[in-house]
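For reference, the structure is listed below as structure tokens.
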Amino acid sequence: MRPLTLLLMLGARVAWSQACPSYSAASGGNTKGCAVNAAPGLNPTPTQWQAHFELAAKGPAAWSDGPPVSDLREGCANPTPVRARFPCELLKAIAMQESSWRQFCVPTSPADQVGRSSQTIIAIDCGYGVSQVTSGMRVTDATPNFDRARVAAEPFYNLASGLQILSAKWRIAPCVGDRQPSRIEHWYTATWAYNGLSSVNNPNRTGASTRGVWNPKVGGTVPYQERVWGWMEHPPSAAHWPVTRVAYPRLTEVGGATPPTALPDPTCASPTDCSLTRPSVLSSCLEREPLDAGVDAGTELTDGGVPATFERLDDDLGRAPRSCGCSSSSGPLIALAAAAAALLRWRKTSVISPRFAYGAAPLCHFPGVPPWRFRVLELWRSPSRWWRWVRRLKSRRSTFTSTRWSAPGSTRPSSSAARR
């Protein structure tokens, strides 16, 4: 377990900015075999970190340079490979827990590093940088498939290397829900595994049985994943990320085994009490991303029977707002569209499609229903739109007919010829 993390897990209310270990390879205090010297550098500003997190969340397909990161697996029984993408809220909370968003800081330990200028933060167990990358960073470790020197020297490369580790944990960790990378709660066991899939992080064996959501300002002994969940609900400031109230699994479902078995969707509002429940959270940085070509996203229905993957057709730039915003009267229409898509297996996915100019009412488009079919269903909802549509077709037909047969040298066919 990382010593930086241990401080908080023991309830020590110490300002993170006051502690900056830097157990560089050349340091006399390096007793764990850290393989790389600390690199000098200034820590990115919060604004610069935000840009790093947003890019990192998009996965290696969006990076111009970074360590290799394998595809994730979606689904439990027969998992499907999908390109790696990550909930940005989770990434920010993990980095806050690991290093308080620090790649570089002015060393406060060991003694022979005190007084140096800002350099890589290196924990005593050889956790490097913002992600506290430990595996592969000791002289006794096998050669990793990332650049050790860049892990120490480059903030984004360090963050991406942490995602390489996190994606590997996702693939081996027990399934949560139906294992959708865009659902933050489905990363519960992978987050647990990021710090070690051991009994010390089993929520049935750690902390008070009546504990609530962990608050970093209060502290307390809780499992690692609950600390990350607590950070999401208690950000350091509104500028870091919005308050994100994620759900917890039932303690009875987790059990006492380590690692746990597959878990159903977490629904508890507290890690130890399910008298209040919460819905699962779709990551804000992934809900508007285009789906992979050829990958069937499925139809996940909310409690109200409306597919959670609906998007409102708005915004001239083609960006879809977070919610559909359709009126409740469109519920039967949406349910019909969803049933038709499932029945006929239309697989031409289109999350954001061209808007239809039929008045000011917001329109929705269900991924899997071709736009022309959705237009017909939308017309069905309002009879007045039928008449406008018919008049428009008649107008276009009369214009086309008059133009075609008024051309020089053209002869209008007889009715019998037309029938042939």
> Mind checking whether some residue in the range 247-254 is surrounded by 20 or more Cβ atoms within 10 Å (Cβ to Cβ), in contact with a strand residue (DSSP E or B) (Cβ under 9 Å, 6 or more places away or on another chain) and part of a loop (DSSP other than H, G, I, E, B)?
Replying inline: yes
>> Please go through the range 98-107 and give me each residue that is in a helix (DSSP H, G or I) and among the charged types (D, E, K, R), ordered by number.
In response: Glu98
>> Based on this model, can you work out whether Ala95 counts as assigned by TED's automatic domain parsing to the domain that holds Asn37, of a type in the set (A, V, I, L, M), within 26 Å of Pro235 (Cβ to Cβ) and in a helix (DSSP H, G or I)?
In response: yes
> Which condition number in (1) modelled with pLDDT of 95 or more; (2) surrounded by 13 or more Cβ atoms within 10 Å (Cβ to Cβ) is the one that Ser70 fails?
Replying inline: (1)
> What tally of residues in the range 49-73 results from selecting those that are polar (S, T, N, Q) and touching a residue at least 60 places away in the same chain (Cβ under 8 Å)?
Replying inline: 1
> When you go through (1) touching a Phe, Trp or Tyr at 6+ places or on another chain (Cβ under 7 Å); (2) free of Cβ contacts under 8 Å to residues at least 40 places away in the same chain one by one for Glu226, which number turns out not to apply?
Replying inline: (2)
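Per-residue answers, yes or no, for (1) part of a helix (DSSP H, G or I); (2) in contact with a helix residue (DSSP H, G or I) (Cβ under 9 Å, 6 or more places away or on another chain); (3) modelled with pLDDT of 95 or more:
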site: Leu7; (1), (2), (3): yes, yes, no
site: Arg13; (1), (2), (3): no, no, no
site: Thr31; (1), (2), (3): no, no, yes
site: Asn37; (1), (2), (3): no, yes, yes
site: Thr47; (1), (2), (3): yes, no, yes
site: Leu55; (1), (2), (3): yes, yes, yes
site: Ser64; (1), (2), (3): no, no, no
site: Asn78; (1), (2), (3): no, no, no
>> Pull out all pairs, ordered by first then second residue, where Cβ-Cβ is under 6 Å, the residues are six or more apart or on different chains, the first lies in the range 95-122 and is free of Cβ contacts under 8 Å to residues at least 12 places away in the same chain, and the second is assigned to a loop (DSSP other than H, G, I, E, B) and surrounded by 23 or more Cβ atoms within 10 Å (Cβ to Cβ).
In response: Val114/Pro107
>> Suppose we keep only residues that are under 27 Å from Leu72 (Cβ atoms) and basic (Lys, Arg) within the range 84-116. Which one would you say is surrounded by the fewest Cβ atoms within 10 Å (Cβ to Cβ)?
In response: Arg85
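Taking the range 55-100, which residues are of a type in the set (Phe, Trp, Tyr) and closer than 17 Å to Thr191 by Cα?
Of everything in the range 55-100, just one residue is of a type in the set (Phe, Trp, Tyr) and closer than 17 Å to Thr191 by Cα, namely Phe86.
The values are calculated or read from the model by the stated rules, or taken from the named source; none is laboratory data. As the structure is a prediction and not an experimental result, all values here were calculated from the model. Cβ sites come from the backbone with ideal geometry, for glycine too, and all protein chains shown count toward neighbours.
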